[in-house]
């Protein structure tokens, strides 16, 4: 059952990654590329972002990451986002590698921190609602939900102490 329970934790992050990749396809379409190229671009980015986003949820559930912290998540996406973009560029081939792979990866690493901020912001808003739904039948989700609740209580008590 641990596999199913872990996969349930992957769904919010995988959804965020898939939507982000699909939006990239829409941007490719807006840039004047044909529908086929936009579709390929969207899928080539949506799949790895969904996999890395889902893996984040699993790692969060197993205590590798903690809710409310950005540093480790920023480092995670510092590696995962450039790899995802490299996979997209390798499949869709829009000419991004013209200056070389290292230059491409360095630029994507810089962009990755912006993506990490957006990903974490969305994940922190979606995951607790998902955990409330899954906690009854998933002990990992229940434990993670308890962690979120303790964190929220701690933040509320800190905020109340400042007034």
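One residue is enough: does the range 143-152 have a residue meeting the conditions under 18 Å from the mean Cα position of the chain (by Cα), under 18 Å from residue 55 (Cα atoms) and crowded, with 17+ Cβ neighbours inside 10 Å?
Yes.
Restricted to the range 7-24, and to residues that are touching a helix residue (DSSP H, G or I) at 6+ places or on another chain (Cβ under 6 Å) and more than 16 Å from residue 80 (Cα to Cα), which residue is surrounded by the fewest Cβ atoms within 10 Å (Cβ to Cβ)?
22
From the list 97, 105, 122, 126, pick out the single residue that is touching a helix residue (DSSP H, G or I) at 6+ places or on another chain (Cβ under 6 Å) and assigned to a loop (DSSP other than H, G, I, E, B).
Being touching a helix residue (DSSP H, G or I) at 6+ places or on another chain (Cβ under 6 Å) and assigned to a loop (DSSP other than H, G, I, E, B) holds for just one of 97, 105, 122, 126, which is 97.
Going residue by residue through the range 70-88, is there one that turns out to be more than 28 Å from residue 144 (Cα to Cα), assigned to a helix (DSSP H, G or I) and touching a residue at least 60 places away in the same chain (Cβ under 8 Å)?
yes
When you scan the range 25-59, how many residues do you find that are buried (at least 21 other Cβ atoms within 10 Å of the Cβ) and touching a residue at least 60 places away in the same chain (Cβ under 8 Å)?
Within the range 25-59, residues that are buried (at least 21 other Cβ atoms within 10 Å of the Cβ) and touching a residue at least 60 places away in the same chain (Cβ under 8 Å) number 4.
Here is a list: 71, 17, 25. Which entry is under 28 Å from residue 155 (Cβ atoms) and at pLDDT below 95?
Step by step, each of 71, 17, 25 is checked, and only 71 is under 28 Å from residue 155 (Cβ atoms) and at pLDDT below 95.
Can you find a residue in the range 47-57 that is at pLDDT below 95, closer than 16 Å to residue 13 by Cα and in a helix (DSSP H, G or I)?
no
Being more than 24 Å from residue 42 (Cβ to Cβ) and touching a helix residue (DSSP H, G or I) at 6+ places or on another chain (Cβ under 6 Å) is the filter here, so list the residues in the range 74-94 that pass it.
Matches in the range 74-94: 74 only.
The values are calculated or read from the model by the stated rules, or taken from the named source; none is laboratory data. Everything quoted here is computed from the prediction, not taken from an experiment. In this analysis, Cβ positions are derived from the backbone assuming ideal geometry, glycine residues included, and neighbour counts consider all displayed protein chains.
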